[in-house]
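Peer 1: Please see the structure below; I have some questions.
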Amino acid sequence: MKRILFSISLLWLTAGCGDTAKKEETATAEAKPASEAAHEEAPADVVELTDDQLRIGAVSTGKVEYRNLGQLLQVNGRLAVPAQSQVAITALQGGFVRSLPLLPGQPVRKGQVLARIENPDLVQFQQDYAENVSRLTYLDAEYARQKELSEQNVSALKVFQQTASERNQVRSRLGGLAQRLRLVGLSPQAALDGKFSSLYVITAPVSGVVTDVLATVGQYVQPADVMARITSSQGLYAELTVFEKDLPQIREGQQVSIRLNNEGGRERGGRITYINRTIETDRSVRVVARLNQPDARLSPNTFLKASLDLGASRVAALPEGAIVSAEGKDYIFIVTDERASEHHEHEKEESEHSAKEEHDHKEGEKEQHGKAFKQIPVRRGVTEGGYSQVTLPGTLDLGKVQVVVKGAFAVLSQLQAASGEEEGHAH
């Protein structure tokens with residue numbers, strides 16, 4: 001009987017110990033995820049700096065200010081030339097191309113020979129001119145003689161009138177032939193001397209650069225055929241694309257800062273001269289801006305970015321040193337009561353302390369770490385006089401929030417260092 005009672009007592013004691021062990025395991029299992037969850041939920045955009053770190057990084061805080069900063073409108077565009085600076089080279093008189101020493105990209109000066117054209121009909125024009133000059137010499141003498149006879153009633157008036165009419169016709173024909181010869185660069189005087197030529201030259205009407213060569217040597221060209229094209233940089237202007245919604249802010253005479261894509265950020269000044277009121281299908285208008293200092297080395301159709309001065313307005317602003325960039329975005333740091341993730345890990349280690357001890361520990365820890373800062377994304381605007389316009393989240397109370405206005409880069413470095421340590425610990 002005693003053995004039976006002893007066995008029952010032993011079984012009951014074993015079962016009780018097993019239940020206790022299971023409860024402890026369950027509590028441990030529940031506590032672990034809770035602690036891990038607290039660590040995972042810890043804010044990764046908060047960092048705490050000790051007093052020494054604040055002093056070394058020269059970190060100081062202040063409030064967001066409102067300042068009158070100049071507003072800029074950023075637009076895109078290209079360099080363009082007026083129609084009078086884009087020249088098509090054509091044959092003034094049809095003929096065969098005998099010489100065309102041009103290459104695309106070749107600079108040419110005004111008056112330079114571009115091509116030589118041969119037309120056998122030019123010989124006939126020169127011969128006709130020389131013959132009509134001789135004919136006019138005879139008619140001038142005959143006109144004087146008939147006029148004298150007519151005045152003395154020796155000859156009929158009709159003969160005099162016929163002579164005068166023929167004389168005028170020859171004079172008109174001579175004028176046309178002479179102009180035709182001069183148009184192709186041939187000398188009427190050379191024709192009188194018997195020096196006929198079937199070749200004439202085409203010269204450059206403007207200085208510029210050859211952009212196209214469309215004819216070949218030996219080809220027969222008509223006056224309407226384009227043999228080459230020349231583009232001059234004279235009158236070069238910036239053609240800006242301004243969207244419809246921004247049109248009310250644009251006015252003639254407005255200053256423009258222009259940066260060409262191939263000049264590495266160099267700024268050129270300009271001024272708006274014309275605004276095309278026709279709205280394109282993409283809801284934009286074309287705006288013409290003249291460069292303050294024309295440059296013959298610039299190339300038409302070069303893409304550009306332009307900033308239009310819209311005048312000053314009162315905006316939220318911070319010193320340039322308050323804004324830092326990371327991964328292509330702009331940030332500021334504000335003073336916060338949130339705690340960094342490393343403190344959540346510390347809470348896990350101190351979870352056995354009483355509520356009073358934990359409170360005292362936190363007070364001491366706060367003293368030790370100085371201040372906590374939270375990273376806030378912002379959008380940067382115009383910069384002027386060492387201050388930049390910032391667009392802040394609407395949840396911030398600008399009247400109360402304290403912002404790191406100096407030493408923001410030191411705070412960013414500490415935040416990145418802390419993030420790197422946590423990632424390494426996780427691995």
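The values are calculated or read from the model by the stated rules, or taken from the named source; none is laboratory data. For clarity, every value in this text was computed on a predicted model and none was experimentally measured. Here the Cβ positions follow ideal geometry from the backbone for every residue, glycine too, while neighbour counts run over all protein chains shown. Please note that ligands, DNA and RNA were not included when accessible areas were found on the heavy atoms of the full protein model with its side chains. Shrake-Rupley method; radii C 1.70, N 1.55, O 1.52, S 1.80 Å.
Peer 1: Are any residues in region 193-236 of a type in the set (A, V, I, L, M) and farther than 15 Å from Leu92 by Cα, and if so, which ones? Walk me through how you get there before you give the answer.
Peer 2: Step one: of region 193-236, the residues of a type in the set (A, V, I, L, M) are 199, 201-202, 204, 206, 209-210, 213-215, 217, 221, 224, 226-228, 230, 236.
If the condition is that a residue be of a type in the set (A, V, I, L, M) and farther than 15 Å from Leu92 by Cα, then Val206, Val209, Val210, Val213, Leu214, Val217, Ile230, Leu236 are the ones that fit.
Peer 1: If we scan region 114-126, do we find a residue that is more than 23 Å from Tyr220 (Cβ to Cβ) and open to solvent by less than 30 Å² (accessible area, probe 1.4 Å)? Write out each step before concluding.
Peer 2: Taking region 114-126 as the starting set, the residues that turn out to be more than 23 Å from Tyr220 (Cβ to Cβ) are none.
No: region 114-126 contains no residue that is more than 23 Å from Tyr220 (Cβ to Cβ) and open to solvent by less than 30 Å² (accessible area, probe 1.4 Å).
Peer 1: Same structure, new question: Would you mind telling me which numbered condition in (1) more than 18 Å from Ala130 (Cβ to Cβ); (2) outside any loop (DSSP other than H, G, I, E, B) Val206 fails?
Peer 2: Among (1) more than 18 Å from Ala130 (Cβ to Cβ); (2) outside any loop (DSSP other than H, G, I, E, B), the lone unmet condition for Val206 is (2).
Peer 1: Checking the structure you have, find out if any residue of region 212-231 is within 30 Å of Gln74 (Cβ to Cβ) and open to solvent by less than 60 Å² (accessible area, probe 1.4 Å).
Peer 2: Taking region 212-231 as the starting set, the residues that turn out to be within 30 Å of Gln74 (Cβ to Cβ) are 231.
Still in the list and also open to solvent by less than 60 Å² (accessible area, probe 1.4 Å): 231.
Looking for residues that are within 30 Å of Gln74 (Cβ to Cβ) and open to solvent by less than 60 Å² (accessible area, probe 1.4 Å), one finds at least one in region 212-231, hence yes.
Peer 1: Of everything in region 155-190, what is free of Cβ contacts under 8 Å to residues at least 40 places away in the same chain and in contact with a strand residue (DSSP E or B) (Cβ under 6 Å, 6 or more places away or on another chain)? Give them in sequence order.
Peer 2: The one that is free of Cβ contacts under 8 Å to residues at least 40 places away in the same chain and in contact with a strand residue (DSSP E or B) (Cβ under 6 Å, 6 or more places away or on another chain): Gly185.
Peer 1: With a cut-off of at least 3 residues that are β-branched (Val, Ile, Thr) and out of contact with any His (no Cβ under 7 Å at 6 or more places or on another chain), name the strands (runs of 3 or more DSSP E) lying wholly within region 79-196.
Peer 2: Numbers: elements: 86-90, 95-99, 113-118.
Qualifying strands (runs of 3 or more DSSP E): 86-90.
Peer 1: Taking only region 182-192 into account, find how many residues are over 14 Å from Ala91 (Cα atoms) and surrounded by 16 or more Cβ atoms within 10 Å (Cβ to Cβ).
Peer 2: Going through region 182-192 one residue at a time, the tally reaches 3.
Peer 1: Pick from Gly321, Gly311, Gly328: which is under 19 Å from Val59 (Cβ atoms) and either modelled with pLDDT of 50 or more or surrounded by 14 or more Cβ atoms within 10 Å (Cβ to Cβ) (or both)?
Peer 2: Details: Gly311 fails: under 19 Å from Val59 (Cβ atoms); Gly328 fails: under 19 Å from Val59 (Cβ atoms).
Within the list Gly321, Gly311, Gly328, the selection yields Gly321.
Peer 1: If I filter region 293-308 down to residues being over 23 Å from Pro107 (Cβ atoms) and at pLDDT below 90, which single residue comes out as nearest to the chain's Cα centre (by Cα)? Break it down stepwise before answering.
Peer 2: Residues of region 293-308 that are over 23 Å from Pro107 (Cβ atoms), as a first pass: 305-308.
Now restrict to residues that are at pLDDT below 90: 307-308.
On the way: Ser307: 9, Leu308: 12 Å.
Looking at the filtered set, the residue picked out is Ser307.
Peer 1: Now for a separate question. Any chance region 410-421 includes a residue that's modelled with pLDDT under 50 and not in a loop (DSSP other than H, G, I, E, B)? Explain how you work it out, then say what you get.
Peer 2: First, the residues of region 410-421 that are modelled with pLDDT under 50: none.
The answer is no; no qualifying residue exists.
Peer 1: Would you point out which residue out of Leu79, Leu54 is more than 30 Å from Ser172 (Cα to Cα) and either surrounded by fewer than 19 Cβ atoms within 10 Å (Cβ to Cβ) or more than 37 Å from the chain's Cα centre (by Cα) (or both)?
Peer 2: Values: Leu79 fails: either surrounded by fewer than 19 Cβ atoms within 10 Å (Cβ to Cβ) or more than 37 Å from the chain's Cα centre (by Cα) (or both).
Answer to the check: Leu54.
Peer 1: How many of the residues in region 163-173 are open to solvent by 70 Å² or more (accessible area, probe 1.4 Å) and modelled with pLDDT under 85?
Peer 2: Step one: of region 163-173, the residues open to solvent by 70 Å² or more (accessible area, probe 1.4 Å) are 168-169, 171-173.
Narrowing further to those that are modelled with pLDDT under 85: none.
Residues in region 163-173 being open to solvent by 70 Å² or more (accessible area, probe 1.4 Å) and modelled with pLDDT under 85: 0 in total.
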